[in-house]
């Protein structure tokens with residue numbers, strides 16, 4: 001550490017000059033006594049500690065990198081969920097890498113920890129976490145926090161098991177939309193949720209996030225829907241099926257789905273009265289499956305907010321749907 005006087009624009013300054021992690025740090029004071037008190041009262045250590053929480057080129061630590069990555073993500077997608085990303089990246093901290101320089105990370109260590117993680121029960125789960133680590137590390141490379149700009153972490157990736165994507169048949173979707181609600185109170189409850197169900201069935205919006213935020217002011221009746229940002233950035237969808245509009249009132253404002261919990265409960269009671277089981281994420285899966293055969297891959301993926309064909313094909317498309325069934329599905333309206 002050096003201490004000296006210097007003149008800045010005609011004023012005398014007292015300077016503390018310190019080399020910290022290979023970088024020169026300077027702090028100026030207006031008089032000698034102030035510089036002495038700063039050093040004596042612990043200000044010097046506190047000042048130097050503040051640099052530990054900031055990016056420092058190739059000396060940037062994993063914990064600092066994670067914090068800056070999350071800040072950057074939130075600034076780019078202010079309305080998107082990010083807690084799941086933080087939860088995944090926090091495993092790097094749990095594994096003792098928080099204080100490590102990003103530039104010195106051993107990817108084989110991460111690879112080994114991923115394979116050993118017992119709470120991730122499937123190969124697909126391990127792949128999801130591994131992918132998040134790779135995205136983060138590659139971002140750090142682009143930001144100059146490490147020398148590498150392309151990181152790779154290999155895992156024992158197993159092909160996903162072929163599984164049946166649960167969808168509603170056209171007849172089941174029609175019965176559900178036309179169900180009268182049974183008892184008087186249930187009838188009033190179910191009727192108010194039918195517009196949101198129709199949007200999920202015939203436009204593929206996510207029930208939680210997108211439908212929870214959707215307001216009638218986002219809908220230009222008969223033309224388009226401006227989907228609010230949630231899991232993905234906001235998007236504008238057009239050329240929607242004609243039958244969709246018969247289920248949606250032409251209102252200027254107000255929430256389309258008053259309550260996701262209420263919607264879920266009312267729908268569960270409705271399918272129980274009708275005598276069939278509602279498949280998990282049935283409306284979105286139905287839209288993806290019938291939309292693919294009726295309107296094509298590109299339109300369906302964009303309307304759903306998807307950009308990855310493999311994800312769409314694996315999780316959102318029932319391959320047993322025919323074009324004739326798809327035509328019936330998108331013909332369901334209030335006069336059916």
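The values are calculated or read from the model by the stated rules, or taken from the named source; none is laboratory data. These figures come from a predicted structure and were not determined experimentally. As a convention, Cβ positions derive from the backbone with ideal geometry for all residues, glycine included, and neighbour counts pool all protein chains shown.
Key figures for this structure:
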read-out	value
Residue match in segment 14-24 (condition: part of a strand (DSSP E or B), modelled with pLDDT of 75 or more, surrounded by 11 or more Cβ atoms within 10 Å (Cβ to Cβ) and over 49 Å from the mean Cα position of the chain (by Cα))	yes
All positions within segment 218-241 that are on the phi < 0 side of the Ramachandran plot and in contact (Cβ under 8 Å) with a residue 60 or more places away in the chain	227, 228, 229, 230, 231, 232, 233, 234, 235, 237, 240, 241
Residue that is nearest to residue 328 (Cα to Cα) [pool: residues in segment 229-246 that are touching a strand residue (DSSP E or B) at 6+ places or on another chain (Cβ under 8 Å) and surrounded by fewer than 17 Cβ atoms within 10 Å (Cβ to Cβ)]	238
Test: residue in segment 236-250 that is assigned to a strand (DSSP E or B), under 23 Å from residue 80 (Cβ atoms) and touching a helix residue (DSSP H, G or I) at 6+ places or on another chain (Cβ under 6 Å)	yes
Unique residue being in contact with a helix residue (DSSP H, G or I) (Cβ under 9 Å, 6 or more places away or on another chain), at pLDDT 90 or above and surrounded by fewer than 17 Cβ atoms within 10 Å (Cβ to Cβ) when the list is 268, 286, 322	322
Every residue from segment 28-45 that is within 47 Å of the chain's Cα centre (by Cα) and either surrounded by 12 or more Cβ atoms within 10 Å (Cβ to Cβ) or not assigned by TED's automatic domain parsing to the domain that holds residue 8 (or both)	28, 29, 38, 39, 43, 44
Top-ranked residue of segment 162-206 - restricted to ones that are modelled with pLDDT of 90 or more, closer than 28 Å to residue 314 by Cα and outside any helix (DSSP H, G or I), ranked as farthest from the chain's Cα centre (by Cα)	169
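Conditions (1) over 29 Å from residue 7 (Cα atoms); (2) outside any helix (DSSP H, G or I); (3) at pLDDT below 90, marked per residue:
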{"residue": "45", "(1), (2), (3)": "no, no, yes"}
{"residue": "50", "(1), (2), (3)": "no, no, yes"}
{"residue": "67", "(1), (2), (3)": "yes, no, no"}
{"residue": "72", "(1), (2), (3)": "yes, no, no"}
{"residue": "81", "(1), (2), (3)": "yes, yes, yes"}
{"residue": "91", "(1), (2), (3)": "yes, no, no"}
